[in-house]
Amino acid sequence: MKSGLGRLWFYLSQVYEQVPRVYDRGSNAISLWQVRRWRMEVLKLPLRPGDLVLDAGSGKGAMSNLLRRFGVDTVMLDASFNMLAQGTGDRVQGVFERLPFRKGVFDHVVMGFSLHASIDYELTLNNLKGSIKSGGRIFIVSIGRPSSSVKYALCLAYFEFVVPILALLSTGKEFSLFLGLKTIYKNNPKNESVRHQLDGLFEAVEFREIALGTVFKYVGVVPVSSSQR
C-alpha cells in the first residue's frame with residue numbers, strides 16, 4: 001500500500017506558498033519551542049568542510065543555515081517558490097518524486113520536517129537514496145504517527161485543540177495556515193511503517209520517537225557497493 005499525501009499534497013502546497021512570513025513563529029510555538037533543538041541533531045552527522053549536502057524540503061533554509069556554519073555546502077530543494085525566496089545560497093524548486101540531480105552527487109541528505117509532506121514516500125526515499133554517494137548518510141526529523149492507539153489519540157487531540165490556540169497566539173489572523181498539520185498527521189503512515197521502508201534502503205544508525213511519537217528521528221547510511229569496498 002502506498003503511503004504519502006497523494007492528492008492532498010496539491011492543497012497543502014498552496015498553504016506552504018502562503019505561510020513563509022509566519023512560519024518560524026508558528027513552528028516554534030506549536031512545537032513548544034523544541035523545533036530548533038530537534039533540527040540541531042543534524043550536527044551529529046560526520047560532517048566535513050566542503051561536503052555537499054542536499055537540504056530536501058528546505059523551506060526557508062533553517063537546516064542549511066546550521067550546516068553552513070561548519071563549512072558545509074548545501075543545495076536547498078523545495079516545492080515552494082515563496083519559501084525558497086526567503087533563503088540564500090543555491091536553491092532549486094522541485095519535488096522529491098522528480099529530483100533534478102545526478103545520481104550519487106551528494107555526500108549527505110537532510111530533511112528537517114519535510115518527509116511528511118511527500119506525495120509518495122516510497123518514490124521519495126528511493127530517489128533520495130539514489131542522490132547520495134555510497135557511504136553517505138540521510139538524516140530525517142519529521143512529523144510522525146505513533147503506532148499506539150492511545151498515543152495517537154492524545155496527539156490527535158493536541159493537533160485538534162492545542163495547535164490552533166498556539167498558532168493563533170503566535171501568528172494572529174494567519175493561524176489558519178497551520179491547521180493543515182492535523183491533516184498531515186492523520187494521513188501519515190505509522191512510524192514503524194516508515195522505519196521499515198527506510199531500513200529496506202539504508203543501514204540504520206538511529207531511529208528514535210520524540211514527543212509521544214508525533215516526531216521521529218532517523219539516521220541511515222547508504223550501503224557501500226561491493227565495487228567500492
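The values are calculated or read from the model by the stated rules, or taken from the named source; none is laboratory data. What you are looking at is a predicted structure, and each value in this text was computed from that prediction instead of being measured. In this analysis, Cβ positions are derived from the backbone assuming ideal geometry, glycine residues included, and neighbour counts consider all displayed protein chains. What goes into the accessible areas is simple: the full protein's heavy atoms, side chains included, and nothing from ligands, DNA or RNA. Shrake-Rupley method; radii C 1.70, N 1.55, O 1.52, S 1.80 Å.
What the table shows:
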| quantity | calculated |
| --- | --- |
| Amide H within-cut-off set for SER58, under 5 Å, with H built and near neighbours excluded | LEU77, ASP78 |
| With Cα atoms, 0 to 90° folded angle of helix 8-18 axis to the chain main axis | 80 degrees |
| Share of carbon and sulfur in the accessible heavy-atom surface of the chain [1.4 Å probe, %] | 55 percent |
| Which listed pairs, of LYS151/LYS190; LYS44/LYS186; LYS60/LYS217; LYS129/LYS182, have C-alpha distances above 23 Å, in listed order | LYS44/LYS186; LYS129/LYS182 |
| Where the range 131-229 is the region considered: accessible area per residue in Å², 1.4 Å probe | 47 Å² |
| Alpha-carbon centroids, the range 178-215 and the range 91-121: separation in whole Å | 17 Å |
| Mean ellipticity per residue at 222 nm, deg cm²/dmol - from DSSP H runs of n ≥ 4 across the chain, formula -39500 (n - 2.57) | -10000 deg cm²/dmol |
| Compactness of the chain, expressed as Rg and Dmax over alpha-carbon positions, Å | 16.8, 57 |
| Residue among GLY57, LEU181, LEU45 farthest towards the positive dipole end of the chain, charges placed on Cβ | LEU45 |
| In degrees, nearest ten, helix 121-130 long axis to first principal axis of the chain (Cα) | 30 degrees |
| With Cα atoms, 0 to 90° folded angle of helix 20-30 axis to the chain main axis | 80 degrees |
| Rounded to whole Å, sorted largest first: equivalent-ellipsoid semi-axes of the range 105-229, Cα gyration tensor | 32, 16, 11 |
